[in-house]
Each structure stands twice: as C-alpha cells, then as structure tokens.
Amino acid sequence: MDSTQQADGEKRVDMILIQPLQRRGLAKPGSLTKLQFDEMVKDLCARLAYMTEPNLMALEEQAASNPAGKDRDRFPIANRILEWAGQIQPPSDEASPLIRAVFAAQLGADALVGGWAPELLAELKKSRRWPNAYVITQIKQAAGDSVTRLTRCDEALARGDALSSDVSGWRARRLAALRKCRDIAALGQSGGVDA
C-alpha cells in the first residue's frame with residue numbers, strides 16, 4: 001500500500017466507521033481524555049486503512065452493537081475494534097508491522113535460510129505474537145518434513161530426474177511461499193509502506 005492508498009484508506013475509515021459511530025451518539029470512553037481519544041481514532045484510521053468499504057460497514061455495525069461503558073453509550077476501545085476488524089478482514093501479511101518486524105529481524109533471516117519461513121509466517125498470522133524459544137522449536141519441528149522434501153526435490157532436479165506433477169506442484173507452492181516471506185523481509189528491512 002503506497003502513501004496515497006494509505007491516505008485514501010484512512011479517509012474511508014473515518015467516513016464509514018468513525019463518523020457513523022459518533023452520529024449514533026457513542027462518546028469517547030470515560031478512561032480517555034479528548035486528546036487520547038483523538039489519538040486513538042487517528043491510530044485506528046491508520047491501522048484499518050487496508051479494509052474494504054463493505055467490511056468497514058460490517059465493522060461499524062458490530063461496533064455499534066457492542067458499545068462500551070456502564071450505560072452502553074461509549075465508543076469501544078481500539079483493541080476491541082481491531083480484534084473485530086481482524087475477524088472480519090485480517091490485514092495482509094505485508095500490512096502487519098509485527099510480521100514485517102519479525103522477518104526483518106535475525107529470526108526472519110534464520111527462518112529464510114533454514115527453509116521454515118512459511119511455518120513462521122503461519123504461526124505469526126495465528127498468534128499475532130513474537131515467538132519465544134519454545135514456539136520457534138515447535139515451528140522448526142513442524143517445518144522439518146517440508147524442508148527435507150524441498151531439499152530432496154532440488155537434489156532430484158540437479159541429477160536431471162523428473163518430478164511427478166503432484167511433487168512439482170507442491171514444490172512450486174513451497175517456493176512461492178518462501179518468495180512471499182522474502183518479500184515481507186525486504187519490506188520490513190526497507191521500512192517502506194509499499195506493498
């Protein structure tokens with residue numbers, strides 16, 4: 001997503017999500033100052049800029065049906081809205097600052113070199129947490145068969161052997177998944193917003 005798309009997305013979030021919730025009478029949460037609320041709204045607009053119009057409309061309906069506060073007349077906090085947004089339309093891997101950061105770090109480089117980057121990506125998408133040592137061990141174990149299978153495919157091709165169509169298709173999908181992880185790492189290292 002380039003800067004123009006980001007700006008357009010932020011305007012869309014404000015118009016389709018924020019303004020309708022405010023027109024419904026939902027006020028800032030009592031625990032936030034006006035400045036904090038304004039910052040929360042600005043951050044929400046930036047984080048949700050990737051969402052499509054129909055999905056933002058669905059998110060607005062869900063947020064309006066689940067107001068916060070004792071009198072149920074308060075704007076839901078950003079974490080709740082982001083949680084609902086993730087259920088309605090999860091952000092792409094490229095849009096996730098966490099995923100970009102992991103793949104830009106040594107952990108991502110190790111995963112790419114070791115061939116277990118697709119499994120790392122799947123875990124990040126599921127947990128949305130930086131993996132600890134135990135989780136990394138589990139990821140590597142889960143990737144073991146695929147890493148070995150890809151090595152065997154490459155060795156067979158190097159010898160001039162032909163791969164069956166099933167194996168060839170699997171290899172192409174695996175290489176595409178690894179390429180996607182490399183692209184995410186490059187985005188994270190550049191710090192860019194282009195996707």
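For an R0 of 30 angstrom, estimate the FRET efficiency from the Cβ-Cβ distance between Arg80 and Asp8 and round to the nearest 0.05. Show your work: numbers first, answer last.
On the way: r = 25 Å, r/R0 = 0.84.
About 0.75, to the nearest 0.05.
Sorted by packing (mean other beta-carbon atoms within 10 Å per residue), highest first, where do 145-157, 114-126 land? Mind dumping the intermediate values first?
Values: 145-157: 13.5, 114-126: 19.5.
Ranking, from highest mean packing down: 114-126, 145-157.
R0 = 25 Å: FRET efficiency of Trp130 with Thr52, Cβ-based, nearest 0.05? The partial results should precede the final answer.
Working: r = 28 Å, r/R0 = 1.14.
Approximately 0.30, to the nearest 0.05.
May I ask for the equivalent-ellipsoid semi-axes of the stretch 3-88, computed as the square root of five times each C-alpha gyration tensor eigenvalue and listed largest first in whole Å? Numbers along the way, then the final one.
Values: eigenvalues 81, 41, 22 Å².
They are 20, 14, 11 Å, listed largest first.
What is the percent carbon and sulfur in the accessible area of the chain, measuring with a 1.4 Å probe over the protein chains and ignoring ligands? The partial results should precede the final answer.
On the way: 5750 of 11230 Å².
So the carbon and sulfur contribution to the accessible surface is 51 percent.
Return the distance in nm (one decimal) between the two label points of a simple spin-label model at Arg173 and Gln62, each offset 7 Å from Cα along Cα→Cβ.
Taking the simple label geometry, Arg173 and Gln62 are separated by 2.8 nm.
For n ≥ 4 DSSP H runs only, could you compute -39500 (n - 2.57) per run for the chain, divide by its residues and tell me the 222 nm figure to the nearest 500?
So the helix-based figure for the chain works out to -22000 deg cm²/dmol.
Which length gain, in nm to one decimal place, applies between Ala109 and Gln189 when the Cα-Cα distance is subtracted from 0.36 nm times their residue separation? Walk me through the numbers before you get to the answer.
Details: separation 80, 0.36 × 80 = 28.80 nm, distance 1.08 nm.
Once the chain is fully extended between Ala109 and Gln189, it gains 27.7 nm.
Specify the angular offset, from 0 to 90 degrees and rounded to the nearest 10, of the alpha carbon long axis of helix 3-13 from the longest principal axis of the alpha carbons in the chain.
Taking Cα atoms only, the helix is inclined about 50 degrees.
Can you report the principal axis dimensions of the stretch 97-191 using only the alpha carbons, biggest first, rounded to whole angstrom?
41, 29, 19
Principal axis extents for the chain, Cα atoms only, whole Å, descending order, please.
On the principal axes, the chain reaches 70, 34, 30 Å in Cα extent.
How much length is gained if the chain between Ser164 and Asp38 is pulled fully straight, taking 0.36 nm per residue apart and subtracting their Cα-Cα distance, in nm to one decimal? Display every interim value, and only then the final one.
On the way: separation 126, 0.36 × 126 = 45.36 nm, distance 5.81 nm.
Extending this stretch completely gives an extra 39.5 nm.
Suppose every K and R has +1 on its Cβ and every D and E has -1 on its Cβ; what is the size of the dipole of the chain about the Cα centre, in Debye to the nearest 20?
So the magnitude is around 400 debye.
Taking the solvent-accessible surface of protein heavy atoms with a 1.4 Å probe, what is the per residue accessible area of the stretch 44-153 in Å²? Mind dumping the intermediate values first?
Numbers: 5780 Å² over 110 residues.
The answer is 53 Å² per residue.
The values are calculated or read from the model by the stated rules, or taken from the named source; none is laboratory data. The shown structure was predicted, so the numbers you read here are calculated from the model rather than taken from an experiment. Cβ: placed from backbone, ideal geometry, glycine included. Neighbour counts: every protein chain shown. Ligands, DNA and RNA are stripped out before the accessible areas are found, and what is left, the full protein with its side chains, is counted by its heavy atoms. Shrake-Rupley method; radii C 1.70, N 1.55, O 1.52, S 1.80 Å.
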